[in-house]
Amino acid sequence: MAATRVGPRACDIFTTMEYGPAPESHACALAWLDTQDRHLGHYVDGKWLNPEHRSSVPCQDPVTGENLATCLLAQAEDVCAAVEAARTSLESWSKLPGAARAQHLSRLAKMLQKHQRLLWTLESLVTGRAVREVRDGDVSLAQQLLQYHAVQAHTQEEALAGWEPMGVIGLILPPTFSFIEMMWRVCPALAVGGLRLLIQESVWAETLRRLQARMGRLRSGRGLDGAVDMGARGAAARDLAQRYVREAESLGAQVFQAGDVPSDGPFYPPTLVSGLPPAAPCAQAEVPWPLVVASPFRTAKEALAMANATPRGGSGSVWSERLGQALELGHGLQVGTVWINSHGLRDPGVPTGGCKESGSSWHGGPDGLYEYLRPPGTPARLPAPSENLNYDTFGLTVPSTLPAGPEAGPSPAPPYGLFVGGRFQAPGARSSRPIPGADGSLHGYVAEGGAKDIRGAVEAAHQAAPGWVGRSPGARAAVLWALAAALERRAPTLTSRLERHGVGLKAAKAEVELSARRLRTWGARAQAQGHSLQVAGLRGPVLRLREALGVLAIVCPEEWPLLAFVSLLAPALAHGNALVVVPSGACPLLALELCQDMATLLPAGLVNVVTGDRDHLTRCLALHQDIQALWYFGSAQGSRFAEWASAGNLKAVWANAGHPRAWDQEAEGAGPELGLRAARTKALWLPAGD
Amino acid sequence: MSAHNQGTELGKGPGLWAECEVTWKHEEAKEYCNLEGSGKAHREDLSWISKIQVNQPAVLRRAEQIQARRTVKKEWQAAWLLKAVTLIDLTTLSGDDTASNVQRLCYKAKYPIREDLLKALNMHDKGITTAAVCVYPARVCDAVRALQAAGCNIPVASVATGFPAGQTHLKTRLEEIRLAVEDGASEIDVVINRNLVLTGQWEALYDEIRQFRKACGEAHLKTILATGELGSLTNVYKASMIAMMAGADFIKTSTGKETVNATFPVAIVMLRAIRDFFWKTGNKIGFKPAGGIRSAKDSLAWLSLVKEELGDEWLTPELFRIGASSLLSDIERQIYHHVTGRYAAYHDLPMS
């Protein structure tokens, strides 16, 4: 019986001891596609819609290139219909008690469990990924995610009291997104990429040898084979990898390729590239899959510098026998997730996200929930209706400012400089703008800041940032409290300045008083920054750290010239950020008044205040690549510009879309939202074991 | 030197690690196999042993993954299962062992799979037997006699040195080895002294195993680490290294009598130790998991683990054994199913 079969016979295999094919049947995936006539429409309002006159895109098997199905290209009206349907069901869905929503979610989890074979074969078929990776990783994790969020929904009324749903959420997923990442809603820039690997010089040869031995055992093949480590990602991915390797080789890099790769189909072997000069063009580019680029380093400090010298900040792992050193490196890495002596672990309760160009949104854990919730006490706001905004010219030029007429009085009002690097400096443009009081008379002159001043301010902030982050939360709190005391000593001046700006005496006094309180509140909160410990799947804790963003730019609102300035400054400083602030345009004098105290109390360069044309300064800040986050409170147009321009380095943007905020209210002036925005999360995995 | 030992001297040239070149010249590496070396060089080497650290969470994760990542089906499965048969040390280690059940075991070792099933696979003339039979020292004579009667030269392995606890005097433990060898055992499975591992007396452990090695003479030495009682994976690695340096031909996971026997995490650590030792000295040491390996599926997982970690060259009886008693009958049932398409009743297959 065996002898009549084609292919190698048992007695041959007995000698070679090779692996054979272990195909997973994908009949159920094809059968399901057949129920859709191999043509997938839009899933809207619980129905498959197939609107006419839409062009379609083929969905292909990346290995064979065979057409599996076609999908529709949606048009604007299709999106409108979907949003409308979502809006309708939001009404009933958001009114459901948490327990009922939890039931729906856990029912969906059960559905996944019942039909997991369909899901994993379909996923593997379409993406070319190894089936065991999808089966053992994605599908079970997807279930865990649903279950986790079911529990969250169940406890929402208590644990997240007051937080409201955002409303209809639009998710745009890139083409490389897999099923599990749809489940995670992982931010697009976290998308797949290769690895770069840093190895200490002293163990370089030994590590590479081990790596090569391990790579030699990897098996590539059709994703639906149950005994394959790597699938294929289509011809385009193979060509990309090929180009990269050729370029690296031409630059003198050593290339090691190993593994058992089928000759038919768009497979590419796992490849180790070493000795690539760091200045080579491809060393800067994203490493394509399935490549590993290894570089040696001499000291831990150098490794940190090399690891952080990339625009990406998704995740990283640290391998070291010395826990102290591993933790130090873990703290220093500018990424969203750090694994100590492990890699690629995930758990629904642990947030996943990133920083820098890997985006700043979070998924999973408490941080993932906040992304979709409105803080308590903040009204629901729809985005302002879109109007044409010329991104090229917004804030490009500064209208010239002329002297406000002859100055009266015994001595002329001295112009305030820009507060940069801990002292008042003359602006690069050497010109000033008059600030009128409420009655139209001249209140004072402030400096007209520009692009060069912003550059200087950002540099000063970067110099001050490491020192400030290094201070203990207690020390930071003490500084904020000292600033509050200084603000109170300056109360008479501040009050009279507010009065000249047209604020009533009582209201002015209240604003000054509240401002001092804000500083103390955030000083106190600095001591409890929300670091937390979680226990995840593998034995050992996950530290959820709240880390400073780095250099944060704040464009303050026009209203509440003192209170808004302080309310934004305090949480930002409390969480360890260094700031570049553009104060209220109508009345920047209060912020500058406070700068006189900051000059003596704060480290030089920690807070920099730049006055001038707000649109112009916003443009300069948003287009600056070395600012980690931007808070903008101003016009709807300014908000849109800030968001658009910040996409250049994917800095985290918080813009008010032209809506005024009640700064004197606790919820909007000192609520948890500010604390969430002022720091980013890092998940530090610490698997236990000897 | 037994035929197996010839196989362990394949690699030539100095070891990879720079610091080892001083102490691990090839001549010396050869010498310690013959037990004529001074031992001084190896003592100095023990300092690096204490620095070894095993990343337990990473080992656990790899162990979890490796079982799910490889599978063989159809013809491949049948061939792999037959290979597994040839790697089995068919074992009986019970208090009630007598000449009759030892004899049955020996016949099963000679004819592990029903002849017609082998014929269907065209494997009947490949001389498929188990790798060895493994018994208590007092039953070695019975086994040798039975195998002679069956007309085959399957080696007889004997456990020794106060198996399974090893808690007897060194003098009697050494005497036990000599007696078993005298009775005709050509392979000796010794248990190490766990006390020495747990108290960190690596040099004393090294000396003991060297004495075992000497007592074995020409016989093959398998060193049972009893990993379930060593406390940590780091200790497993260190004990593996010491055993190999002291001249073991095989390192073996467990006696089968501990509460925890052959597990994948432990195996990964031992296999990595074997690979490191090979890279260092060019000597290939064998691996023997034992205890709790009962199903055909288990045996396939062990084969693929060794294939992944050490490569195809280790998939021979000279370098890989599986200690088992009930495994063989499950493999035979699977082969029966592969050939006939039916599941066998227990009475369809001869008992051992």
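What does the charge count around A:Val469 come to, taking other residues whose C-beta lies under 11 Å from its C-beta (Lys +1, Arg +1, Asp -1, Glu -1)? Could you put the intermediate results ahead of the total?
Values: positive: A:Arg471, A:Arg476; negative: A:Glu547.
Net charge in that neighbourhood comes out at +1.
Taking each residue of A:19-27 in turn, how many C-beta atoms of other protein chains fall within 10 Å of its C-beta, and what is the average?
3
Rounded to the nearest 20 Debye, what is the dipole magnitude of the stretch B:51-340 about its Cα centre when Lys and Arg each give +1 and Asp and Glu each give -1 at the C-beta? Please list the in-between numbers first.
Numbers: 37 positive and 31 negative charges, 138 e Å.
The dipole magnitude comes to about 660 debye.
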Extension gain (nm, one decimal) between A:Gln257 and A:Leu96, 0.36 nm per residue minus Cα-Cα: 52.4 nm
Taking the dipole about the Cα centre of chain A, with the C-beta of Lys and Arg at +1 and of Asp and Glu at -1, give me whichever of A:Gln143, A:Pro311, A:Ala482 is farthest to the positive side. A:Ala482
When the Cα centres of the stretch A:230-249 and the stretch A:509-577 are compared, how far apart do they sit, in Å? 45
Counting only chymotrypsin sites (Phe, Trp or Tyr not before Pro) that are in a DSSP loop and have at most 15 other C-beta atoms within 10 Å, tell me the longest site-free stretch of chain A. A:1-371
quick note, the protein assembly as shown, DSSP beta bridge pairs, % antiparallel (nearest 5) is 35
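In nm², what is the average projected area of the convex hull enclosing the Cα atoms of chain A? Walk me through the numbers on the way to the answer.
Values: hull surface 145.6 nm².
Projected area, direction-averaged: 36.4 nm².
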Charge-dipole axis of chain B as Lys and Arg at +1 and Asp and Glu at -1 on Cβ define it, positive-most pick from B:Gly341, B:Ser295, B:Tyr237: B:Gly341
Taking Cα atoms only, Rg over Rh for chain B with Rh from the Kirkwood formula is 0.96
Cα-based reach from A:Lys452 at 21 Å (exclusive), listing lysines while leaving out same-chain residues under 8 positions away: A:Lys651
Specify the inter-centroid distance of the stretch A:48-104 and the stretch B:75-118, based on alpha-carbon positions, in whole Å. 59
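Which whole number in µm²/s is D for the stretch A:444-581 by Stokes-Einstein, with the Kirkwood Rh taken over Cα pairs at 4 °C and 1.567 mPa s? Walk me through the numbers on the way to the answer.
Numbers: Rh = 16.9 Å.
Using the Kirkwood radius from Cα pairs, D works out to 77 µm²/s.
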Bridge orientation stat for the stretch A:193-298 from DSSP, antiparallel percent rounded to 5, came to 25
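Taking all pairs of different Cα atoms in the stretch A:233-304, averaging 1/r and flipping that mean, what Kirkwood radius in angstroms comes out?
On the way: mean 1/r = 0.0765 Å⁻¹.
Kirkwood hydrodynamic radius for the stretch A:233-304: 13.1 Å.
Show me the ranking of peptides B:196-204, B:325-333 by mean Cβ neighbours inside 10 Å, starting with the highest. Each step should come with its number before you reach the end.
Numbers: B:196-204: 16.0, B:325-333: 20.3.
Most protected by this proxy first, the peptides run B:325-333, B:196-204.
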Which value in nm describes the separation of the simple spin-label points at A:Ala76 and A:Glu302, placed 7 Å from the Cα toward the beta carbon? 5.7
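As a test of the formula, what do you get for the protein assembly as shown when each DSSP H run with n ≥ 4 contributes -39,500 (n - 2.57) and the sum is divided by the residue count, at 222 nm and rounded to the nearest 500 deg cm²/dmol?
That calculation yields -13500 deg cm²/dmol at 222 nm.
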Electrostatic dipole magnitude of the stretch A:423-554 [Cβ: Lys, Arg +1; Asp, Glu -1; Cα centre; debye, to 20]: 340
Just want the answer: with Cβ charges of +1 for Lys and Arg and -1 for Asp and Glu, which residue in B:Ala165, B:Leu179, B:Leu198 is farthest toward the dipole's positive end in the stretch B:51-340? B:Leu198
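Taking every eigenvalue of the Cα gyration tensor of the stretch A:567-690, multiplying by 5 and rooting it, what semi-axes result, largest first, whole Å? Intermediate results must be reported in sequence, preceding the final value.
Values: eigenvalues 135, 77, 53 Å².
Semi-axis lengths for the stretch A:567-690 are 26, 20, 16 Å.
Quick one: putting +1 on the C-beta of Lys and Arg, -1 on the C-beta of Asp and Glu, what dipole do you get for the protein assembly as shown around its Cα centre, in Debye to the nearest 20?
On the way: 106 positive and 104 negative charges, 163 e Å.
Computed about the Cα centre, the dipole is about 780 debye.
Only the coordinates and a few stated rules stand behind these numbers; no lab work does. Please read these numbers as outputs of a predicted model, since none were measured by experiment. Using ideal geometry, Cβ is built from the backbone for each residue, glycine included, and neighbour counts are taken over all protein chains shown.
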